[in-house]
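One structure is given below, encoded as structure tokens.
Every number in this text was worked out from the coordinates using simple rules, so none of it is lab data. Small disclaimer: the values here were computed from a predicted structure and weren't measured. Positions of Cβ are generated from backbone atoms using ideal geometry, with glycine treated the same way; all protein chains shown enter the neighbour counts.
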Amino acid sequence: MARAPFSNDIKTLRFLAGEMTQGDLGDEVGVTRQTIAAIEQGKYSPSLEVAFRIAHVFGKPLEEVFRWQVDQDDALL
Amino acid sequence: MSFREKMLWTALLAGIPPFLWYFSAVGLSLAVGTGVESMSIGRLVAVLIGGLIIMLIAVVVVSLLHRREGTMVPDEREHRIESRGITISYHLLCTGVLITIGAAWLGWSAVVIVHIVAFAFIIAELTRVVVELHGLRRGY
């Protein structure tokens, strides 16, 4: 499986949110710690619902948490 | 390692030995030409029930030891991985059904056909667990 065509700032946002752990974020979002780790590493693309839930936990709009990689976007066209 | 992964490892490690022992013995008998005579539906059923009981006890013990760590209810990533395992397992099961139909068409005895069905079921189930474990290990 290719890496997700977007990057994310979840690790930084967790740090800024009082060094929140992956497990804490997973509990708030409703997924496992391993799923948060896979999303952070770009191994797994979350559903839109989980992406919005993650953004909501940090009080940020979706595009400040997940960013589409322009070069990969061009490659798809 | 997640709770789900621990449960799957437990089911795999507890489930393999009885079935491996029985079917390797049947395979060896077939290799030396005494296989069909040594096969028994009663013994197969005993191994299946015994294997399931061993697996069940192991899973219950491990789940009680780790009950605070999580749940077997899959989240969306685990559900996707589980679906992949079920899909591959389904194809193996279909292959087993086709082999069974072929065996019946060739006029093989009921005891051999029952063994083929049981073997296909066990292989399909173990494959599902292995595929799921592989997905959980690599993350997707």
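How many of the residues making up the stretch B:93-140 are within 14 Å of chain A (Cβ to nearest Cβ) and on the phi > 0 side of the Ramachandran plot?
Selection size over the stretch B:93-140: 1.
Report, by residue number, each residue of the stretch A:24-62 that is of a type in the set (Gly, Ala, Ser) and either away from chain B (no Cβ under 14 Å) or surrounded by 14 or more Cβ atoms within 10 Å (Cβ to Cβ) (or both).
A:Gly26, A:Ala37, A:Ala38, A:Gly42, A:Ser45, A:Ala51, A:Ala55, A:Gly59
Can you find a residue that is among the charged types (D, E, K, R) and either touching a helix residue (DSSP H, G or I) at 6+ places or on another chain (Cβ under 6 Å) or over 21 Å from B:Ala118 (Cβ atoms) (or both) anywhere in the stretch B:5-26?
So in the stretch B:5-26, the residues among the charged types (D, E, K, R) come out as B:5-6.
Within this subset, residues satisfying the condition of being either touching a helix residue (DSSP H, G or I) at 6+ places or on another chain (Cβ under 6 Å) or over 21 Å from B:Ala118 (Cβ atoms) (or both) are B:5-6.
Yes, because at least one residue in the stretch B:5-26 is among the charged types (D, E, K, R) and either touching a helix residue (DSSP H, G or I) at 6+ places or on another chain (Cβ under 6 Å) or over 21 Å from B:Ala118 (Cβ atoms) (or both).
Which ones in the stretch B:70-86 are at positive phi and in contact with a Leu (Cβ under 7 Å, 6 or more places away or on another chain)? Steps first, please.
Here is the first cut: in the stretch B:70-86, the residues at positive phi are B:70.
None; the set is empty.
Please work out which one of (1) within 16 Å of the chain's Cα centre (by Cα); (2) surrounded by fewer than 16 Cβ atoms within 10 Å (Cβ to Cβ); (3) over 22 Å from A:Lys43 (Cβ atoms) is the condition B:Val59 fails and give its number.
Here B:Val59 meets the rest and fails (2).
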